[in-house]
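Reading through the structure tokens given below for one structure.
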Amino acid sequence: MKKRTFSSWLIFGVSLVLLTISMLNAGSIKASASDMIYRNPKNIQVDSEYVIPDGFGYSTYYVVVATNNTGMDIEISADFVALDEKGEVVAKVNDYFDAVKKDQQFILYGKFLDSKIKNAVKYQYVFNTSETDNCTYNSVDIDTSRLGECIEVSATNYSEKDIQGVGIRTVFLRSGKPVAFDTVNIADVGYVFHGGSTNSQVIGYNAGTYDDYIMTYTSAGNGEALDF
């Protein structure tokens, strides 16, 4: 099992990326250039996109793996919508990160209730970003170890100050195709991760069989911690 990518998020002056992609089978999304509409595409590079059912028939994740090419640490939010054949919105969800470091890969996702998207045929999403100085990505170290079919992720806050919990997001792949998605927050109490502390979480309980994964992480301060 190969370990792929770790990353983080932040804020940059207002930019916007809009993509419209037809929903195919559960798994990797493939779209031609005509399916996509880009605004300021050099700021946020979209690396891959996946439609991943939760395996329980309850919800579906629309997952976007992207890279922060703004040249700055940014704060980022994403509005995801599911559309029917008439182009009408049948469901809308939001995701965000307080901080993504420049040049780092990250994952944003929309979690849609299956009961709401029965008539959905495609998705749209919009990224909104602004610059931030609240990134603590370099203050954190991440390590992983195999735990049966799961992955134990350990995080250490090497700064002297408390920061927000470390957000871990992972796409599990088998033969290059997505089979599961999981996300956890590593902290000591709630969303507080104390300076000098190490903690861990286990992900992939419902991933089943996989041979690869894409993992990213984000880390932001509490208004006091500084990146170093």
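Residue separation times 0.36 nm, minus the C-alpha to C-alpha distance between residue 146 and residue 119: what's the value?
5.8 nm
What accessible surface, in Å², does a 1.4 Å probe find on residue 79, ignoring ligands, DNA and RNA and rounding to the nearest 10?
50 Å²
With a sphere of radius 13 Å drawn around the Cβ of residue 80, what net charge do the other residues whose Cβ falls strictly inside it have (Lys, Arg +1; Asp, Glu -1)?
+1
Sequence gap at least 6, Cα distance under 8 Å: using those rules, report the relative contact order of the stretch 133-207 to the nearest whole percent.
Over the stretch 133-207, the number comes to 34 percent.
Out of the total accessible area of the stretch 83-189 (probe 1.4 Å, heavy atoms of protein only), what percent is carbon and sulfur?
Within the stretch 83-189, the accessible surface is 40 percent carbon and sulfur.
Just to make sure I understand: if all protein chains stay in place, what is the order of 175, 200, 59 by accessible area at 1.4 Å, largest first?
Order by accessible area, largest first: 175, 200, 59.
In terms of modelled amide H atoms, which long-range or inter-chain residues lie less than 5 Å from the amide H of residue 213?
HN-HN under 5 Å from residue 213: 2, 4, 173.
For residue 173, what accessible surface area do you get with a 1.4 Å probe? Give it in Å², rounded to 10.
10 Å²
Just the Cα atoms of the stretch 101-182: what Rg and Dmax do they give in Å?
Calculated on Cα positions, Rg and Dmax stand at 16.9, 51 Å.
State the extension gain, in nm to one decimal, for the chain segment bounded by residue 188 and residue 209, taking 0.36 nm per residue of separation less the distance between their alpha-carbons.
The span from residue 188 to residue 209 would gain 4.5 nm if fully extended.
Please report how far the C-alpha centroid of the stretch 143-174 lies from that of the stretch 93-115, rounded to the nearest whole angstrom.
Cα centroid of the stretch 143-174 versus Cα centroid of the stretch 93-115: 17 Å apart.
Note the full-extension length gain between residue 88 and residue 133 as 0.36 nm times their separation in residues minus their Cα-Cα distance, in nm to one decimal.
Going from the current span to full extension adds 12.4 nm.
Can you sort 131, 85, 152, 49 by 1.4 Å-probe accessible area, starting with the largest?
Ranking 131, 85, 152, 49 by accessible area, largest first, yields 85, 131, 152, 49.
Which translational diffusion coefficient, to the nearest whole µm²/s, is obtained for the stretch 43-168 from the Stokes-Einstein equation, given a Kirkwood hydrodynamic radius over C-alpha pairs, 20 °C and 1.002 mPa s? All intermediate terms of the calculation are to be shown ahead of the outcome.
Working: Rh = 16.4 Å.
Approximately 131 µm²/s, per Stokes-Einstein.
Ratio to report: Rg/Rh of the stretch 146-219, with Cα atoms as the point set and Rh obtained by the Kirkwood method; give two decimals.
Over the Cα atoms of the stretch 146-219, Rg/Rh equals 1.04.
The values are calculated or read from the model by the stated rules, or taken from the named source; none is laboratory data. Everything numeric here is computed off the predicted structure, so don't read it as measured data. Every residue, glycine among them, receives a Cβ derived from its backbone with ideal geometry; neighbour counts consider all protein chains shown. Calculation scope for accessible area: heavy atoms of the full protein, side chains included, ligands and nucleic acids excluded. Shrake-Rupley method; radii C 1.70, N 1.55, O 1.52, S 1.80 Å.
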